[in-house]
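The values are calculated or read from the model by the stated rules, or taken from the named source; none is laboratory data. It should be emphasised that the depicted structure is a prediction, and the values quoted were computed from it without experimental measurement. Please note: Cβ atoms are built from the backbone with ideal geometry, for glycine as well, and neighbour counts cover all protein chains shown. The protein model used for the area step is the full one, side chains on, heavy atoms only, and it has no ligands, DNA or RNA in it. Shrake-Rupley method; radii C 1.70, N 1.55, O 1.52, S 1.80 Å.
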Amino acid sequence: MQSSTRDDKPLYGKVAVVTGASSGIGAAISRQLAAAGAKVAMAARRENLLKKIQDEISKEGGAALAVRCDVTNRAEVKELIQHTESTLGPVDILVNNAGIWVIRCMKNLHEEEWDQQVDVNIKGVLNCIGAVISGMCERKRGHIVNMSSQSGKTPLVGIAVYTGSKFFVEGMSRTLRQEVCKDGVRVTCIQPGEVETPGFARYLMTMEDEQVAVVTGASCGIGAAISRQLAAAGAKVAMAARRVNLLKEIQDDISKEGGVALAVKCDVTNRAEVKELIQHTESTLGPVDILVNNAGIWVIRCMKNLHEEEWDQQVDVNIKGVLNCIGAVISGMCERKRGHIVNMSSENGMKPAVGFAVYTGSKFFVEGMSRTLRQEVCKDGVRVTCIQPGDVETPGLATTLTTMDDEQCKQLYTYPFPYPVLEPEVIAQTVLYAVTTPDHVAVNEILVQPREGPL
Ligand SMILES: NC(=O)C1=CN([C@@H]2O[C@H](COP(=O)(O)OP(=O)(O)OC[C@H]3O[C@@H](n4cnc5c(N)ncnc54)[C@H](OP(=O)(O)O)[C@@H]3O)[C@@H](O)[C@H]2O)C=CC1
Ligand SMILES: CC(=O)[C@H](N)C(=O)O
């Protein structure tokens, strides 16, 4: 086995186990993990297919191990992990990818099919987690990636048991995440829609053609990081905010790096200014391909303390501001049959937080509006992505946490945080990932949180 070098391989030295690796998504994951430098143990029942993939990986200079294993058999799973650890080293990454489904309405009663799906999709996942979790917690390091599905969130006639199994994976993952986050172990759920397998193209986070992006709230924090990363990936970026002096500094930095950026003074609550922002962008850089609705504000205060003017401000920026920007680009995108709207939601688009009621309401609005807009424009070539960050170290977060004067909230929140929070660049990477996938792919939601602050 030829091993990779440290320099160009982000997963150099890591050991990964991928179940269901003999074809489709599992094979693609194995290849990409190996290309990134991981030593990959590939598990499935069809050993001949695994061996072919192992040979291909070896030819590319990667390290892979083909292990015959039926995930429904707990003893075989334990052996898989023992063999992997004695050959490659302790498991850092487990990708629970093996899964099966049958399309048939439940009333037609094929109970043996129900059992098979429960055995693979639920018990199989548990068998694999059971074989690695103690070691990961002891070593204070590990990542469990569970292949859920869009069926882990929505029902679909004909796949009731499969849907139930993926709801199980979602619920179990959320709970496990809370249990092990302080032990250095991360738990990720991936929710793919329909995937053409095998042979899905690999995509890199670069832009094939020069795209025009508008980023609101670009003068600092997350918006500034997104602007820099979009420009570095080749987009021409119009940056909007009220503090144009800050925008100009970022514009200069981007120009020095060889990128193209435009600094535009714009208050997103003012519809006329937003229309001008888009007109100016289109006449200077070209039609808008990507809109990142990032501008947002919050105040940490319980509603009962009645600062109604703060409620209005949050509604104006976080709801009306987002609508103003969408209103200024959506017809053009639909006409051109191409466009991507990225809405900066929040973990608070999914969960409540004392002191953030109006903010939370505004992000629930963003989630609901985005889901509906997505259904309206998906056939017009337009994609709508919601990013849901947990706490991110930005000027906005630092200011609001250090100046809050609400007694109830002061008991709940401390600053600095008791654990590492996210850097704005992490959120920028998620935006870049979403907008650089091929046109037929829609990354509709990305929830990214500090490891120790799960939902
Ligand atoms: N930080 C965090 O923990 C999280 C943040 N988010 C979301 O990410 C987004 C960015 O947050 P973050 O970077 O932390 O915030 P910051 O407060 O650090 O930055 C906010 C940005 O929004 C701009 N902005 C505010 N009001 C307006 C307005 N009326 N018109 C135009 N621009 C405006 C500000 O620019 P200027 O003042 O120059 O106009 C600034 O560039 C928000 O939507 C927020 O809800 C989501 C989850 C977590
Ligand atoms: C801005 C916040 O602090 C909030 N927790 C969020 O995640 O959006």
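I want the local charge near E179. Using Cβ-Cβ distances under 13 Å, sum +1 for each Lys or Arg and -1 for each Asp or Glu among the other residues.
With Lys, Arg at +1 and Asp, Glu at -1, the net is +3.
On a full-extension model of 0.36 nm per residue, what is the gain between T87 and E111, subtracting their alpha-carbon distance, rounded to one decimal in nm?
Working: separation 24, 0.36 × 24 = 8.64 nm, distance 3.97 nm.
That pair, T87 and E111, stretches by 4.7 nm at full extension.
Relative contact order of the stretch 45-96, taken over Cα pairs closer than 8 Å and 6 or more residues apart, is 24 percent.
So for the chain, averaging the separation of alpha carbon pairs under 8 Å that are six or more residues apart and normalising by length, what relative contact order in percent results?
Details: 894 pairs, mean separation 50.7, N = 455.
Over the chain, the number comes to 11 percent.
Shape analysis of the stretch 212-448 places it in the prolate category; the axes a ≥ b ≥ c from the Cα gyration tensor give an a/c of at least 1.5, with a/b above b/c.
Assign one of three labels to the chain, namely rounded, prolate or oblate, based on the Cα gyration tensor with a ≥ b ≥ c the square roots of its eigenvalues; rounded applies when a/c is under 1.5, prolate when it is not and a/b is larger than b/c, and oblate otherwise. Please list the in-between numbers first.
On the way: a/c = 1.75, a/b = 1.59, b/c = 1.10.
Prolate.
Using a probe of 1.4 Å on the protein chains alone, the accessible area found for L247 is around 0 Å².
Put a plus charge on the Cβ of each Lys and Arg, a minus charge on the Cβ of each Asp and Glu, and nothing anywhere else: the dipole of the stretch 12-205 about its Cα centre is then about 500 debye.
If you average the sequence gap of Cα pairs under 8 Å that are 6 or more apart and divide by the length of the stretch 319-383, what percent do you get for the contact order?
Numbers: 51 pairs, mean separation 27.9, N = 65.
For the stretch 319-383, the relative contact order is 43 percent.
For the listed residue pairs K9/K166; K275/K337; K39/K59; K265/K337; K14/K59, the alpha carbons are over 22 angstrom apart in K9/K166; K265/K337. A crude spin-label estimate for the pair R141 and E407, with each label 7 Å from Cα along the Cβ direction, gives 4.8 nm.
Calculate for the chain the 222 nm mean residue ellipticity that helices alone would give, adding -39,500 (n - 2.57) per DSSP H run of length 4 or more and normalising by residue count, nearest 500 deg cm²/dmol. Kindly include the intermediate steps, with their values, before the conclusion.
Numbers: 15 runs with 192 residues, N = 455.
That comes out to -13500 deg cm²/dmol.
So for E276, E85, E194, what's the accessible-area order with a 1.4 Å probe, most first?
Details: E276 120, E85 70, E194 160 Å².
Order by accessible area, largest first: E194, E276, E85.
A Förster radius of 30 Å combined with the Cβ-Cβ distance from Q32 to Y415 puts the calculated FRET efficiency at roughly 0.20.
Could you tell me whether the stretch 349-424 comes out rounded, prolate or oblate from its Cα gyration tensor? Rule is a ≥ b ≥ c as square roots of the eigenvalues, rounded for a/c under 1.5, then prolate if a/b exceeds b/c, otherwise oblate. Show your work: numbers first, answer last.
Working: a/c = 3.49, a/b = 2.10, b/c = 1.66.
Prolate, because a/c is 1.5 or more and a/b exceeds b/c.
All other residues whose Cβ lies under 13 angstrom from that of L126 are scored, Lys and Arg at +1 and Asp and Glu at -1, for a net of +2. Taking 0.36 nm per residue of separation and subtracting the Cα-Cα distance, full extension of the segment from S255 to E425 would add 59.3 nm.
Counting only heavy atoms of the protein chains and using a 1.4 Å probe, C378 has close to 80 Å² of accessible surface. Between R242 and E276, the simple label model (points 7 Å from Cα in the Cβ direction) yields a spacing of 1.5 nm.
Note on Q375 and E335: the extension gain reaches 12.8 nm, defined as 0.36 nm multiplied by sequence separation minus the Cα-Cα distance.
With r defined as the distance between the Cβ atoms of V441 and H307 and R0 fixed at 35 Å, what FRET efficiency is calculated, to the nearest 0.05? Don't skip to the answer; put the middle values down first.
Values: r = 43 Å, r/R0 = 1.22.
Efficiency computed from Cβ-Cβ geometry: 0.25.
Work through the residues other than A357 whose Cβ is under 13 Å from its Cβ and net out their charges, Lys, Arg +1 and Asp, Glu -1. Summing Lys/Arg as +1 and Asp/Glu as -1 gives +1.
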